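What follows is a short report on a single structure.
The numbers here are math on the coordinates, done by the rules we state, and not lab data. This is a predicted model, so every value here is computed, not measured. In this analysis, Cβ positions are derived from the backbone assuming ideal geometry, glycine residues included, and neighbour counts consider all displayed protein chains.
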Amino acid sequence: MNEKIILGEINTLLIKRDTDHGFFLVPSRTKEEICDQSETEAYEVLLPNAYITDDMQVGDEIEVFIYTDSEDRLVATTEYPKALINEFAFVKCVDVAPFGAFVDIGLPKHLLVPNNKQKNKFHVGDKRIIRVVKDEQTNRLIGIEKITSFLSNETKHLKKNQEVKVLVISKTPLGFKVIVNNKYEGMLYANEVFCKLFTGDTKKAYIKTVREDGKLDISLQPIGKSAKKDAGSEKVLDLLSKSGGFLPLNYKSEADEIMKVFQMSKKNFKASLTLLIDSKKISLDDTGITLL
């Protein structure tokens, strides 16, 4: 396999030739180099006809995901999976076999999670967090549910209030365990979460504390009063614009109602309204908030 055609990743490849089965793609160098050379099959990957559109033609560069077909040959698709290689995903079990379970990764070919890579036996309909990896013995993509060893505690370079992406992996008595930026372990504390969260949810979040053990305390709101006000104000303006410029809430609204609509505490909501009033972006009366 050409090292520039990478299994499990999004590759930018060049359409070299058209066949009855689809387009054959090769690594992008320059169009002249590729089109003038006779590449061997080892340097090519098939994009089946099912993914070819009318605007594609020989010489074009396209982005494709690379995986293996039922005969373990590299194959390309224009569909994007739920996770690339070395990423985590929340997936549903769609079939089981004596040697493992198959999960829906968002592609026509389901992903195998071998029995020895499962924490507990999978059943059809189960939803689990897995990591997509390459099986070195078969050169196929597989799923692993035993994910702890893939999480790094090398977090000293991370900063307080740094924006991150989190994947909720489980609920605990303290709150919610999350995977941060596909690499680190973090915790969202229940008393700081003002929205409903479920396993598999992905959210934009912020680092609250980098702990001595390398784990991270995470917040769904920016850290610091002014940062929270700014983020809250942006959310109010965004929801107002999507609601025709008016929302029937104000300082006196119930905390539960505010949390349901804005997913923030009443204290942060009031501070955000005050900031927007002072900057003359909204008006407020007994009926609600009006966008100016």
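Using R₀ = 30 Å, calculate the FRET efficiency as 1/(1 + (r/R₀)^6) where r is the Cβ-Cβ separation of ASN250 and CYS195; round to 0.05.
Computed FRET efficiency for ASN250 and CYS195: 0.90.
Taking Cα pairs under 8 Å and at least six residues apart, what relative contact order does the chain come out at, in percent?
The normalised contact order for the chain reaches 10 percent.
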> Based on the Cβ-Cβ distance of LYS119 and THR19, what FRET efficiency does E = 1/(1 + (r/R0)^6) give at R0 = 51 Å, to the nearest 0.05?
Replying inline: 0.70
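Could you rank the peptides 159-165, 273-279, 54-60 by their average count of other C-beta atoms within 10 Å per residue, with the highest value first? List each step's numbers first, then the result.
Numbers: 159-165: 12.7, 273-279: 15.1, 54-60: 10.7.
Ranked from most to least packed, the peptides come out as 273-279, 159-165, 54-60.
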>> Loop-only GluC sites (Glu not before Pro) in the range 168-244, please: DSSP not H, G, I, E or B, and at most 13 other Cβ atoms within 10 Å.
In response: GLU212
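Using only DSSP helix segments of four residues or longer, with each worth -39500 (n - 2.57), what per-residue ellipticity at 222 nm results for the chain after dividing by its residue count and rounding to 500?
Theoretical 222 nm ellipticity from helices: -4500 deg cm²/dmol.
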> In what sequence do LEU216, LEU284 fall when counting other Cβ within 10 Å, fewest first?
Replying inline: LEU284, LEU216
> Where the centre of each part is set by its Cα atoms, how far does the range 184-212 sit from the range 216-292, in angstrom?
Replying inline: 21
> Taking R0 as 51 Å, what's the FRET efficiency between ASP72 and GLU212 from their Cβ-Cβ distance, rounded to 0.05?
Replying inline: 0.65
> Label-point separation (nm) for ASP126 and THR290, each offset 7 Å from Cα along Cα-to-Cβ?
Replying inline: 5.7
